[in-house]
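To start, the structure itself, in structure tokens.
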Amino acid sequence: MDFQLTDRQKELIEAAKGAYERKLAPLVADSSVAGVRRLRSAMAEQGLLGLNLPPEHGGLGLPLLDTLLMIQTLQACAPIVGGLSHRTSTGAVGAVAEYGTPEQRARFVEPLCRGEIGISIGITEPDAGSAATALKTRARIDGDHVVLNGSKQFVSFVNINEFTLVYCRFGTSGKASDIGAVIVPHDAPGFRHSNGTLNMADELLFELYFDDCRVPKENILLDGGAFGKLISVYNAERLGSMARMLGSARAAYEFALAYSKERRQFGREICDFQGIQWMLADMRVKLDAAHLLVMRAASTAQVTGLPAPLETSIAKVFTAKAAKEICDDAIQVLGANGYTKEYPLVHRYAEVRGGSIYGGTMQIHKNMIAAAILERENSQWKKA
């Protein structure tokens with residue numbers, strides 16, 4: 001067991017930093033739809049999209065562990081860059097790469113790696129958040145089309161991306177065995193979305209509405225009995241989100257560390273004070289521990305092809321908590337300056353705060369961990 005980065009991994013990290021500084025940094029300030037799409041194209045030119053996707057479909061074919069190191073690095077540079085790398089590598093496209101037909105991979109994975117399209121993911125509904133299998137959006141086959149009715153909420157990047165992978169029901173049993181997924185174009189008849197609601201990190205989250213939305217049948221990714229398959233791939237997406245949390249936490253820690261060496265009070269640098277030293281030490285311990293847990297979860301994919309659920313949940317619970325505490329302590333090190341939006345730490349904290357909620361709340365993941373270690377089913381459903 002080797003905890004050190006390989007020479008190849010170090011090269012990848014330095015290449016990502018170099019690409020950001022040379023080509024991407026001037027583009028990140030433009031947050032318009034056109035600006036983000038230009039950034040996406042520039043990232044494709046630098047080989048920063050589709051990091052873990054198959055080379056035969058335009059990806060780099062990196063192991064999941066290396067992919068997470070790259071996402072973490074890019075997130076520390078700029079959240080929008082880390083987000084694009086995550087969404088086009090460990091995001092919804094992973095399910096298409098894993099379960100799509102050759103035709104679907106050619107239509108969706110290849111142009112995504114070229115920076116031409118993006119794919120959001122639609123799971124959550126008003127009555128189906130943590131209880132994801134309670135989703136009600138329905139799909140029925142009608143000739144050469146699949147017709148969807150229902151709604152989704154808290155879907156990100158809908159204004160930037162051209163498609164959403166929509167989890168939906170193909171059956172009427174009410175069980176998880178009904179659930180499949182359809183790749184819905186945002187210009188499909190019967191599809192519309194809200195104007196979006198800003199979250200704490202100033203990212204828009206959208207509601208999606210399907211009113212007899214007609215989509216070509218060839219866009220069906222999985223037509224039922226697929227919830228387990230979809231969630232197994234979704235564990236890679238969870239790890240991609242954790243890599244983003246680690247990137248923001250590391251950026252916050254490094255900013256606070258540098259600040260503590262420059263800021264003077266009582267005639268000396270504040271890093272001379274033991275109270276500050278202990279905070280910095282705690283931040284580094286949590287950062288390293290979270291990093292190792294995420295890397296351990298990613299390493300399980302080298303054996304099974306996909307991250308192991310237990311290790312993913314353990315990494316999720318610890319990383320979400322640690323990232324919040326690291327960013328909070330970084331703000332404290334800066335004092336009143338850290339509490340202002342003129343410094344980057346407020347935004348970094350807002351980014352990582354969502355990690356305790358999206359991808360399954362910390363409490364749901366603790367239930368999953370308990371079920372695994374107790375070797376018993378731990379159902380949350382109300383008994384009849």
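Here Thr300 clears all of (1) touching an Asp or Glu at 6+ places or on another chain (Cβ under 8 Å); (2) within 23 Å of Ala76 (Cα to Cα) except the condition numbered (2).
Looking at the structure I just gave you, is Tyr253 under 24 Å from Gly82 (Cβ atoms), at pLDDT 95 or above, assigned to a helix (DSSP H, G or I) and of a type in the set (Phe, Trp, Tyr)? Criteria met by Tyr253. Scan the range 227-241 and give yes if some residue there is of a type in the set (Gly, Ala, Ser), open to solvent by less than 10 Å² (accessible area, probe 1.4 Å), within 30 Å of Glu103 (Cα to Cα) and over 19 Å from the mean Cα position of the chain (by Cα), otherwise no. Looking through the range 227-241, none of the residues is of a type in the set (Gly, Ala, Ser), open to solvent by less than 10 Å² (accessible area, probe 1.4 Å), within 30 Å of Glu103 (Cα to Cα) and over 19 Å from the mean Cα position of the chain (by Cα). Filtered by the rule that a residue be out of contact with any helix residue (DSSP H, G or I) (no Cβ under 6 Å at 6 or more places or on another chain) and over 20 Å from Ile117 (Cβ atoms), the range 177-204 gives Ser177, Asp178, Gly180, Gly190, Ser194, Asn195, Thr197, Leu198, Asn199, Asp202.
Which of the strands (runs of 3 or more DSSP E) found entirely inside the range 132-225 contain at least 3 residues meeting this: among the aromatic types (Phe, Trp, Tyr)?
On the way: elements: 138-142, 145-156, 163-169, 179-185, 191-193, 204-216, 220-222.
Once the strands (runs of 3 or more DSSP E) in the range 132-225 are filtered for at least 3 residues that are among the aromatic types (Phe, Trp, Tyr), what remains is 204-216.
Among residues of the range 51-75 that are more than 20 Å from Ala323 (Cβ to Cβ), those with a beta-carbon under 6 Å from a residue that is charged (D, E, K, R) and in a helix (DSSP H, G or I) at least six positions away or on a different chain give the pairs His57/Arg105; His57/Glu110; Gly58/Glu110. When we screen Leu246, Leu205 for residues that are of a type in the set (A, V, I, L, M) and crowded, with 24+ Cβ neighbours inside 10 Å, the only hit is Leu246. Of the residues that make up the range 191-201, is at least one closer than 26 Å to Val33 by Cα and either buried (at least 21 other Cβ atoms within 10 Å of the Cβ) or over 26 Å from the mean Cα position of the chain (by Cα) (or both)? No; the residues of the range 191-201 include none that is closer than 26 Å to Val33 by Cα and either buried (at least 21 other Cβ atoms within 10 Å of the Cβ) or over 26 Å from the mean Cα position of the chain (by Cα) (or both). Test Ala128 against the criterion of being more than 17 Å from Pro185 (Cα to Cα), free of Cβ contacts under 8 Å to residues at least 12 places away in the same chain and open to solvent by less than 10 Å² (accessible area, probe 1.4 Å), and give yes or no. It is true that Ala128 is more than 17 Å from Pro185 (Cα to Cα), free of Cβ contacts under 8 Å to residues at least 12 places away in the same chain and open to solvent by less than 10 Å² (accessible area, probe 1.4 Å).
Just one of the numbered conditions (1) open to solvent by 60 Å² or more (accessible area, probe 1.4 Å); (2) closer than 20 Å to Val294 by Cα is not true of Leu62: (1). Within the range 208-226, the set of residues being open to solvent by 40 Å² or more (accessible area, probe 1.4 Å) and of a type outside the set (Asp, Glu) comprises Tyr209, Arg214, Pro216, Lys217, Gly225. In the range 308-321, the residues that are free of Cβ contacts under 8 Å to residues at least 24 places away in the same chain reach residues that are surrounded by fewer than 19 Cβ atoms within 10 Å (Cβ to Cβ) with C-beta atoms within less than 7 angstrom, at least six apart or across chains, in these pairs: Glu311/Arg296. Residues in the range 105-115 that are of a type in the set (D, E, K, R) and touching a residue at least 12 places away in the same chain (Cβ under 8 Å): Arg105, Glu110, Arg114. Quick check: is even one residue across the range 97-114 in contact with a Leu (Cβ under 8 Å, 6 or more places away or on another chain), more than 24 Å from Leu287 (Cβ to Cβ), open to solvent by 40 Å² or more (accessible area, probe 1.4 Å) and among the hydrophobic types (A, V, I, L, M, F, W, C)? Scanning the range 97-114 turns up no residue that is in contact with a Leu (Cβ under 8 Å, 6 or more places away or on another chain), more than 24 Å from Leu287 (Cβ to Cβ), open to solvent by 40 Å² or more (accessible area, probe 1.4 Å) and among the hydrophobic types (A, V, I, L, M, F, W, C).
Restricting attention to the range 162-176, the residues that are touching a helix residue (DSSP H, G or I) at 6+ places or on another chain (Cβ under 8 Å) and not small (Gly, Ala, Ser) add up to 7. Which pairs have Cβ atoms under 9 Å, sit 6 or more apart or on different chains, and link a residue in the range 83-104 that is closer than 20 Å to Gln72 by Cβ to one that is of a type in the set (Lys, Arg) and open to solvent by less than 10 Å² (accessible area, probe 1.4 Å)? Taking only residues 6 or more apart or on different chains, the pairs are Leu84/Arg40; Thr88/Arg40. Among the residues of the range 155-179, just one is crowded, with 19+ Cβ neighbours inside 10 Å and on the phi > 0 side of the Ramachandran plot, namely Phe157. Taking the range 289-369 as the region of interest, none of the helices (runs of 4 or more DSSP H) fully inside it holds 3 or more residues being open to solvent by less than 10 Å² (accessible area, probe 1.4 Å) and among the acidic types (Asp, Glu). Would you mention how many residues in the range 22-46 are of a type outside the set (A, V, I, L, M, F, W, C), in contact with a helix residue (DSSP H, G or I) (Cβ under 9 Å, 6 or more places away or on another chain) and touching a residue at least 24 places away in the same chain (Cβ under 8 Å)? Number satisfying all stated conditions: 4.
The values are calculated or read from the model by the stated rules, or taken from the named source; none is laboratory data. Since the structure is predicted, the reported quantities are computational estimates derived from the model, not experimental observations. No Cβ is skipped: glycine too gets one built from the backbone with ideal geometry, and neighbour counts run over all protein chains shown. For accessibility, only protein heavy atoms count, side chains too; no ligands or nucleic acids. Shrake-Rupley method; radii C 1.70, N 1.55, O 1.52, S 1.80 Å.
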